[in-house]
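Colleague: Quick one: the structure is below, questions incoming.
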Protein chains: 2
Amino acid sequence: MSDRQVRDIGEQGLLQRLQQFCPGEMVGDDAALLSVKADHLLVVTTDVLVDQVHFSDHTTSPQDVGWRAAAANLSDLAAMGATPLGITVGLSLPGDLSVAWVEELYQGLTACLNQYNTPIVGGDICRSPLTTVGITAFGQVHPAHAIRRSTAQVGDVIVVTGVHGSSRAGLELLLHPELGKDLSEGDRTTLITAHQRPKPRLDLIPLLYTLTSLQNSKFKIQNSRFTSSSTPNTQHPTSLTGMDSSDGLADAIVQICRASRVGAVIDRRQISIAPALRSWMPEKAMEWALYGGEDFELVLCLPPEAAHALLPQLGEDAAIIGTITSESAVVVHDPIGQHPDEILSLDRGFQHF
Amino acid sequence: MSDRQVRDIGEQGLLQRLQQFCPGEMVGDDAALLSVKADHLLVVTTDVLVDQVHFSDHTTSPQDVGWRAAAANLSDLAAMGATPLGITVGLSLPGDLSVAWVEELYQGLTACLNQYNTPIVGGDICRSPLTTVGITAFGQVHPAHAIRRSTAQVGDVIVVTGVHGSSRAGLELLLHPELGKDLSEGDRTTLITAHQRPKPRLDLIPLLYTLTSLQNSKFKIQNSRFTSSSTPNTQHPTSLTGMDSSDGLADAIVQICRASRVGAVIDRRQISIAPALRSWMPEKAMEWALYGGEDFELVLCLPPEAAHALLPQLGEDAAIIGTITSESAVVVHDPIGQHPDEILSLDRGFQHF
């Protein structure tokens, strides 16, 4: 590994080294050129990560910073039902940062991006006393397949993919390794990997496309049945409702309810938590599952029959955790009465500043 | 003006205030949805600005930081021949920054963007010890109208829009107001405005579209003439060559020549410099014109007949400043011999770090 610093090779030297991580045809102009499919919408999302705020050398290798930055942005695309087209990377770097750190950051970015065939299509590098990484990701989605937050209906059930709380648990193990001395090596690795190498759920997007296409063709049939009837047709084509759980499961549920002007009742027992976390920190597990964040799973609201049809295809940890109500509150309820009802609000989720 | 700090109103509070600067339909999901015209390419460019590196309260109001950030990104779109679709803004902010500063930044951004009907479609805000502003801009261009750096041909002439050096002169006046005591108020304002409120040359893009359409229809006619002839047709459809002069006029010429594997001879006397600058700092004017940067004009390479047809439409300051050669060097030549020949290289231009 080279111990050369960024200032030793300058901006042009660094750009040349980083161009190996980009497709050849993307390099050399003022901007990148990308194709968007006809009739598809462009989807754009952006995220900024700051040294000592979102990562530190203590818990995060440059490869992990890169992987997680890519995963967070791809997860925002998945949250919209989109497939990725590419990302840009805006870097601010101190002159005394090692060139190796920057190259390892790009290795981490591309390690994640390559899993989803997503190129780095451009970027900017500039001098700064502080390292920050700004990612903007682009994707495309057919309007009929776009996932929005504001379309949850009373009676929909809430489907959540994967497990929650593991990323927060992995961070705890990195910050306080001594706390994990009773954990098996396998369990420790599971939790730390959940934090360091989270996976955006782009794998589920084609499945959701099938669902919306199915629902909408069913809608069309029902709709045509009504054309000669006097019964007014109050149905609308299905649009998927949901978002990702990057800021926590509680945050996702509350954001969807707020945007849709509905409430929800959540069944505490249905929230999937990794066995490794449940046995290691039983008293913390639910708090981390609800508020920990960075699990990058999908939270979807669907009519019950659609949810039950979809669920077996979402993997064994996916679950129906609750129902959309006409109340204004989001309540976490324990059906066996071991815990009192808990009202979820945005205030308890992670707030910057 | 409120003296409240960002940490007083928190992330959600700040987001709410900033949403007034975005179109209503863009707010509230994980990502923004935008339409790209059929058969058009998506154009993406990104830029990062850092407090004390790219701006400081000494020379730049938050409105000016915003205007210049928007202008720089729109200029990159103009440099590709694209029309803008929108921008995203990634902000890192210290908690003790005033809310007014952030709102004024957005006022400056939208003041510039509104001139070009460009919305802010999304963003991210995060806590940081240092203020940085990362902008990603999106545009669209028909492939036939895209401007590239790598397609300059020997014999093309180099057309430059507007004047150069004024932005650098304006910065000097802001840093050292005492130097400008002999300047008229009008001249001082001209130079300072050039620095604080530069204009991306998106106004010229429709004109360039007409040119490429014309050239290509001419090519088709010539091409069809040759179909029954034995003379091989060596002509290609015209694609425009060029870039913007954001990193300096010298940088733009050298970048185009390097990408196109050609050289150039520049006629020193043809480089347009504002009279205000020429009379104020005659000994510095040419250096600032070549190396100052941030004038955000366009540097285009065209066959001579096309350039002569275009020139009268580009405004009185536009000029043909030189010719593309088969040499490897880019030489600035003084036809009256007052200055020795000067070789332009990337090293003398602005290098970060």
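The values are calculated or read from the model by the stated rules, or taken from the named source; none is laboratory data. Everything numeric here is computed off the predicted structure, so don't read it as measured data. Counting neighbours? That spans all protein chains shown, and the Cβs are built from the backbone with ideal geometry, glycine included. Quick note on the areas: whole protein, heavy atoms, side chains included, nothing else; ligands and nucleic acids left out. Shrake-Rupley method; radii C 1.70, N 1.55, O 1.52, S 1.80 Å.
Colleague: If each label sits 7 angstrom from Cα along the C-beta direction, how far apart, in nm, is B:Leu207 from its counterparts in the other copies?
Modeller: From this label point to the equivalent ones elsewhere in the assembly: 5.6 nm.
Colleague: Hey, for A:Gln20 with labels 7 Å out along Cα-Cβ, what do the inter-copy distances come to in nm, ordered shortest first?
Modeller: In ascending order, 5.1 nm.
Colleague: Let me ask something else about it. For B:180-192, what's the mean count of beta carbons from other chains sitting within 10 Å of each residue's beta carbon?
Modeller: On the way: counts 0, 0, 0, 0, 0, 0, 0, 0, 0, 0, 0, 0, 0.
Going residue by residue through B:180-192 and averaging, the value is 0.
Colleague: If you line up the long axis of helix A:166-175 against the longest principal axis of chain A, both from Cα atoms, how many degrees apart are they, to the nearest 10?
Modeller: Between the helix axis and the principal axis of chain A, the angle is about 30 degrees.
Colleague: For the protein assembly as shown, what does the helix formula give at 222 nm: sum of -39500 (n - 2.57) over DSSP H segments with n ≥ 4, over the residue count, nearest 500 deg cm²/dmol?
Modeller: Calculated mean residue ellipticity at 222 nm is -11000 deg cm²/dmol.
Colleague: Give the long-range amide H neighbours of A:Leu85: residues separated by 5 or more places, or on another chain, with amide H under 5 Å away, using H modelled in the peptide plane at 1.01 Å from N.
Modeller: A:Phe138, A:Gly139, A:Gln140
Colleague: Please work out the average accessible area per residue across chain B, using the 1.4 Å probe convention, and give it in Å². Don't skip to the answer; put the middle values down first.
Modeller: On the way: 14800 Å² over 353 residues.
Normalised by residue count, the accessible surface of chain B is 42 Å².
Colleague: If packing is taken as the average number of other Cβ atoms within 10 Å across a peptide's residues, how do B:96-102, A:101-107 rank, most packed first?
Modeller: A:101-107, B:96-102
Colleague: Now a separate question. Given Cβ point charges of +1 (Lys, Arg) and -1 (Asp, Glu) and nothing else, what value in debye, to the nearest 20, does the dipole of the protein assembly as shown about its Cα centre take? Display every interim value, and only then the final one.
Modeller: Numbers: 48 positive and 80 negative charges, 415 e Å.
For the protein assembly as shown, the charge dipole is close to 2000 debye.
Colleague: Using the beta-carbon distance between A:Asp57 and B:Arg4 and R0 = 45 Å, what value does 1/(1 + (r/R0)^6) give for FRET efficiency, to the nearest 0.05?
Modeller: Numbers: r = 34 Å, r/R0 = 0.76.
Plugging the Cβ-Cβ distance into 1/(1 + (r/R0)^6) gives 0.85.
Colleague: Right, next: Helix B:282-291 versus the longest principal axis of chain B: what is the Cα-based angle in degrees, 0 to 90, to the nearest 10?
Modeller: 90 degrees
Colleague: A follow-up question, please. Only Cα pairs under 8 Å and at least 6 apart count here; give the relative contact order of region A:16-113 as a rounded whole percent.
Modeller: It rounds to 40 percent for region A:16-113.
Colleague: How large is the translational diffusion coefficient of region A:62-163 in µm² per second when you combine the Kirkwood radius over alpha carbon pairs with Stokes-Einstein at 4 °C and 1.567 mPa s?
Modeller: This corresponds to a translational diffusion coefficient of 85 µm²/s.
Colleague: Classify chain B as rounded, prolate or oblate, taking a ≥ b ≥ c as the square roots of the eigenvalues of its Cα gyration tensor: rounded when a/c is under 1.5, otherwise prolate if a/b is larger than b/c and oblate if not.
Modeller: Because a/c hits 1.5 or more and a/b fails to exceed b/c, chain B counts as oblate.
Colleague: On to the next question. For chain A, what is the relative contact order in percent, using Cα pairs closer than 8 Å and at least 6 residues apart in sequence?
Modeller: The value is 22 percent.
Colleague: Another one. How far is A:Ser279 from the same spot in each other copy, in nm, shortest first, if each label point sits 7 Å from Cα toward Cβ?
Modeller: Ordered by distance, the counterparts are at 8.6 nm.
Colleague: Lys/Arg Cβ at +1, Asp/Glu Cβ at -1, dipole of chain B taken about the Cα centre: which of B:Gln19, B:His195, B:Leu41 is farthest positive-ward?
Modeller: The listed residue farthest towards the positive side: B:Leu41.
Colleague: Chains A and B: buried accessible surface, both sides, probe 1.4 Å, rounded to 100 Å²?
Modeller: Roughly 5300 Å² of accessible surface disappears when A and B pair.
Colleague: Taking each residue in B:34-42, count the Cβ atoms of any other chain within 10 Å of its Cβ, then average. What number comes out?
Modeller: So the per-residue partner count for this stretch is 6.
Colleague: In terms of the Cα gyration tensor, with a ≥ b ≥ c the square roots of its eigenvalues, is the protein assembly as shown rounded because a/c is under 1.5, prolate because a/b exceeds b/c, or oblate?
Modeller: prolate
Colleague: Please report the antiparallel percentage of the DSSP beta bridges confined to the protein assembly as shown, to the nearest 5.
Modeller: Details: 84 of 110 bridges.
If I count the DSSP bridges inside the protein assembly as shown, around 75 percent turn out antiparallel.
Colleague: Heavy atoms only, probe 1.4 Å: what % of the accessible area of chain A goes to carbon and sulfur, would you let me know?
Modeller: Of all accessible area on chain A, carbon and sulfur atoms account for 50 percent.
Colleague: Report, as an integer, the average count of C-beta atoms from other chains found within 10 Å of each Cβ along B:88-97. Working shown, then result.
Modeller: Numbers: counts 7, 3, 10, 3, 11, 4, 1, 2, 1, 1.
Going residue by residue through B:88-97 and averaging, the value is 4.
Colleague: I would also like to ask the following. For chain B, what is the percent of antiparallel DSSP beta bridges, rounded to the nearest 5?
Modeller: Roughly 75 percent of the DSSP beta bridges within chain B come out antiparallel.
Colleague: Compute the angle between helix A:6-18 and the longest alpha-carbon principal axis of chain A, please, reported from 0 to 90 degrees and rounded to the nearest 10.
Modeller: Once rounded, one gets 50 degrees.
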